[in-house]
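Report on the structure given below.
The values are calculated or read from the model by the stated rules, or taken from the named source; none is laboratory data. Remember, it's a predicted structure, so these values are computed and weren't measured experimentally. Cβ: placed from backbone, ideal geometry, glycine included. Neighbour counts: every protein chain shown. Just so you know, the surface numbers come from the protein's heavy atoms only, side chains and all, with ligands and any DNA or RNA stripped out. Shrake-Rupley method; radii C 1.70, N 1.55, O 1.52, S 1.80 Å.
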Amino acid sequence: MNFIYPWLLLILPLVGAAVLLGLKARRERRSRRRPLAGTRLANTAPIADLPAFFSVARQHWIGCVLGVTFALIAAVGSVALAARPADSQVVSLQQRTRDVVFCLDVSASMYPVDSEVIAQFREIVGSFEGERVAMSWFNSSSVTLFPLTDDYTYVDETLAPIEKQFQAVANSLTFDGWLDGPSDSWPDTSGTLLGEGSSLPGDGLVSCLQLFDQSQMNRPRSVILATDNVVEGSPIFELWEATAMAAEADVHLYAISPSFSAFGVYADEEEYFRASVAELREEIELVGGDFFQTDDYGSASEIVESILSGEAGEIEGPPRRVIRDRPAEAIAVVASGLVGLFIWGGWRGRRVVWIRRGSMVLLLGLMLWNPNLGVEKVTQQAVDADVIVLVDTSPSIAAEDWDGSSPRLDAIRADIGAIAAEHVGAHIAIVAFDSSARLIMPFSTDPGAALAAADTLTPVPYWWASGSSIDSGLDLLEELLTRQAEEHPERARLVYYLGDGEQTREGSVKSFEPVADLVDGGAVLGYGTAEGGRMLAHQETIMGELVAEPEYILAPDGSPGISKIDETALEMIASELGVDYLHRTAQAPVSEALWQGELPPRTVDDATSGSRPLRFLAAVALFGTLIWELAWSLPRARNALAVTRLGAARQATRRAQPWTPWSAAP
């Protein structure tokens, strides 16, 4: 159980104790000045010798002690209630949303208009509210720029500099269409030329279709494809095949093509360009899609209107930390204490006793009712931290030794979700590494983006792998940590390393110790078993469907390839980073591995308005009333104890004297 106002757990008892001690000191000063104060009655000393007096005095003292005890119990409950006990839970709420993927052709023929297209993308995103967007760009191969997310600030911060960079490219075009040499200000499109040829929109569109997650859920999906359809080379998928796949998956297509005026720098090939654009329009409209050109006025608003006109579908939203008041236990303690006080505390005395007890009943009723007064500004708090997740995507991560025969990657995907849920509001980045490292998700505060990125993780095909190295992500990790430390020194920096520790590339392994000073916490999580497991080869899928029969990786001698965890290597990485290591098993919850240190809070700007509950204010008032009660009942209990001791002493003295018959008395 947590408390929304934990400081009251210390402040209220200290204030209450100070008040009681102050009143006690005041009474002692008054008694020293007036030692014989009070009403004195003559001939009352023999009363103390009566057994009935001793019995009544003892009952009165017991009642006073019980009254004080129950008042203290009620006071403890009121302090807890004033601090607002609450539960903090991470839940996934149902959301109604649409998914939109931007698919951008970054081949040379699109350079004159890519900045204009990205400007339209930004305009479209600016009109969304709750829709999730993703982006991929392609030439002969595709690269995901960011996975599905509703963090529009992150999307705009990603697209704004790219728009300027493509504008710099467009400004470098000469009259014949060739570029005036490369420039550092141009966008980094590395990874888009891994295939054969150039500008393969069919392959690019199929890759964009892969970005949709939770394919079993029925909700609107759209792809905005920006290309001129100028194909150079032999694609794996023709454009008509890709559009047919989109139609089969119920994905609506929007195509944005350069206007014919943009082809001025390629005037000698204008006829070919026009034919390519005509083919694009035909294929898009054949499957019920919509076609636009960059100079169509209002094309962005038309696309937005068309997307929003479709009925939103339900999805399981990203995990959110929800805080709920949990007053039942504290109210039960208060109520039980008051009931005991009313029974044993006594009601005799002046009218003020009745007023005090009556106010307690009213305050208890107010706490049960819990009315709301006006509105208050609620500032949402999030974790102010940078979390970098390094994920091993070498072929060995597909080894089937997790929880029996499941691939290790299943556990890694689930653990990434747990990390995002634990550090809600943190800036999370994901780095995948095998023989090299790549940033698959830049820093984002959207946990849903982390989940979507985790779903896209796949082992690198073994026929592409040139040997995996457990330190291949170190250089990129150091770059990210250094940049974040310079730009956001106030944030904590956490690193989670997820892998099996298997080193297959020859050569020495670099130490992670140089970045340890930049790391505030995190963990190294190890996956796999000492016995190892067979590795399923990379499986090509299209929209979740296998395009080839699965096969297992074989060793050079033809025997089954077996991958085993190397915990020694993982423990060394943890030691160098200064974090804990945990061997992950299905039986142990991942929460044991997550860093539990104190993280600085961050106030989210988009504050909301809500009601101000009066329960905790009533609890504070009740605590004050109970201090008043204790200030009255503690002296009564002390006086009752003194009288009881006097009666006990008289009874003991009387029993000690020998019995003398009345006739023998002088």
Mind telling me which of the residues GLY521, GLY499 ends up being in contact with a Gly (Cβ under 6 Å, 6 or more places away or on another chain), touching a residue at least 24 places away in the same chain (Cβ under 8 Å) and small (Gly, Ala, Ser)?
GLY521
Counting only residues that are surrounded by fewer than 15 Cβ atoms within 10 Å (Cβ to Cβ) and under 23 Å from GLY448 (Cα atoms), which one in the stretch 215-236 is modelled with the lowest pLDDT?
GLN216
I'm checking my understanding of the structure. Among residues of the stretch 535-565 that are within 30 Å of VAL519 (Cβ to Cβ) and open to solvent by less than 60 Å² (accessible area, probe 1.4 Å), which one is modelled with the lowest pLDDT?
SER563
How many residues are among the hydrophobic types (A, V, I, L, M, F, W, C) and in contact with a Ser or Thr (Cβ under 9 Å, 6 or more places away or on another chain) when one looks only at the stretch 385-410?
5
Going through (1) touching a Pro at 6+ places or on another chain (Cβ under 8 Å); (2) modelled with pLDDT under 80; (3) buried (at least 19 other Cβ atoms within 10 Å of the Cβ) one by one, ILE303 fails only at (1)
Every residue in the stretch 141-193 that is modelled with pLDDT of 75 or more and assigned to a strand (DSSP E or B), please.
SER142, VAL143, THR144, LEU145, PHE146, PRO147, LEU148, THR149
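A quick yes/no check of all residues on (1) over 28 Å from the mean Cα position of the chain (by Cα); (2) within 30 Å of ARG615 (Cα to Cα); (3) modelled with pLDDT under 80:
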position	(1), (2), (3)
VAL339	yes, yes, no
ILE397	no, no, no
ARG408	no, no, no
GLY425	no, yes, yes
SER436	yes, no, no
Hey, any hits in the stretch 440-461 for a residue that's in a strand (DSSP E or B), within 20 Å of PRO589 (Cα to Cα) and open to solvent by 10 Å² or more (accessible area, probe 1.4 Å)?
no
Kindly indicate whether ALA516 is modelled with pLDDT of 90 or more, under 21 Å from VAL579 (Cα atoms) and outside any strand (DSSP E or B).
yes
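Among the residues of the stretch 145-170 satisfying the criterion of being of a type in the set (S, T, N, Q) and closer than 18 Å to THR445 by Cα, which is nearest to the chain's Cα centre (by Cα)? Spell out the reasoning first.
Taking the stretch 145-170 and keeping what is of a type in the set (S, T, N, Q), we get 149, 153, 158, 165, 167.
The next check asks that each one be closer than 18 Å to THR445 by Cα; those that pass are 149, 153, 158.
On the way: THR149: 14, THR153: 17, THR158: 22 Å.
Filtering first and then ranking leaves THR149.
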LEU239 fails exactly one of the following numbered conditions: (1) in contact with a helix residue (DSSP H, G or I) (Cβ under 6 Å, 6 or more places away or on another chain); (2) at pLDDT 90 or above; (3) open to solvent by less than 30 Å² (accessible area, probe 1.4 Å); (4) under 26 Å from GLU123 (Cα atoms). What is the number of that condition?
(4)
Count - residues of the stretch 151-164 that are open to solvent by 20 Å² or more (accessible area, probe 1.4 Å), within 29 Å of GLY195 (Cβ to Cβ) and in contact (Cβ under 8 Å) with a residue 40 or more places away in the chain:
3
Looking at the stretch 244-254, is at least one residue closer than 26 Å to GLN120 by Cα, within 37 Å of the chain's Cα centre (by Cα) and assigned to a loop (DSSP other than H, G, I, E, B)?
yes
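Take the residues in the stretch 476-503 that are part of a strand (DSSP E or B) and not aliphatic (A, V, I, L, M), then tell me which one is nearest to LEU409 (Cα to Cα). Talk me through it step by step, then tell me what you get.
Step one: filter the stretch 476-503 for residues part of a strand (DSSP E or B), giving 492-499.
Applying the additional criterion that residues be not aliphatic (A, V, I, L, M) yields 493, 496-497, 499.
Working: ARG493: 25, TYR496: 15, TYR497: 14, GLY499: 9 Å.
Among residues in the stretch 476-503 that are part of a strand (DSSP E or B) and not aliphatic (A, V, I, L, M), the one nearest to LEU409 (Cα to Cα) is GLY499.
Could we say that ASP446 is at pLDDT 85 or above and among the acidic types (Asp, Glu) here?
Values: at pLDDT 85 or above: no; among the acidic types (Asp, Glu): yes.
The answer is no for ASP446.
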Let me confirm something: among ALA18, ALA52, which residue is over 30 Å from ALA80 (Cα atoms) and either outside any loop (DSSP other than H, G, I, E, B) or modelled with pLDDT of 70 or more (or both)?
ALA52
So if I check each of VAL352, VAL375, which one is modelled with pLDDT under 85 and in a strand (DSSP E or B)?
VAL375
Residue under question is PHE623, and the condition is that it be among the aromatic types (Phe, Trp, Tyr) and modelled with pLDDT under 85; does it hold?
no
Write out, first by first residue and then by second, each pair whose Cβ atoms fall under 8 Å of each other, whose residues are 6+ apart or on separate chains, and whose first residue, in the stretch 632-660, is hydroxyl-bearing (Ser, Thr, Tyr) while the second is assigned to a helix (DSSP H, G or I) and at pLDDT below 70.
THR644/PHE54
Condition check: touching an Asp or Glu at 6+ places or on another chain (Cβ under 8 Å) and open to solvent by less than 40 Å² (accessible area, probe 1.4 Å). Does LEU148 satisfy that?
yes
Is it true that VAL590 is under 26 Å from ASP455 (Cα atoms), within 24 Å of the chain's Cα centre (by Cα), at pLDDT 80 or above and not polar (S, T, N, Q)?
no
Conditions: (1) under 21 Å from LEU362 (Cα atoms); (2) at pLDDT below 70. LEU617 meets all but one. Number of the miss?
(2)
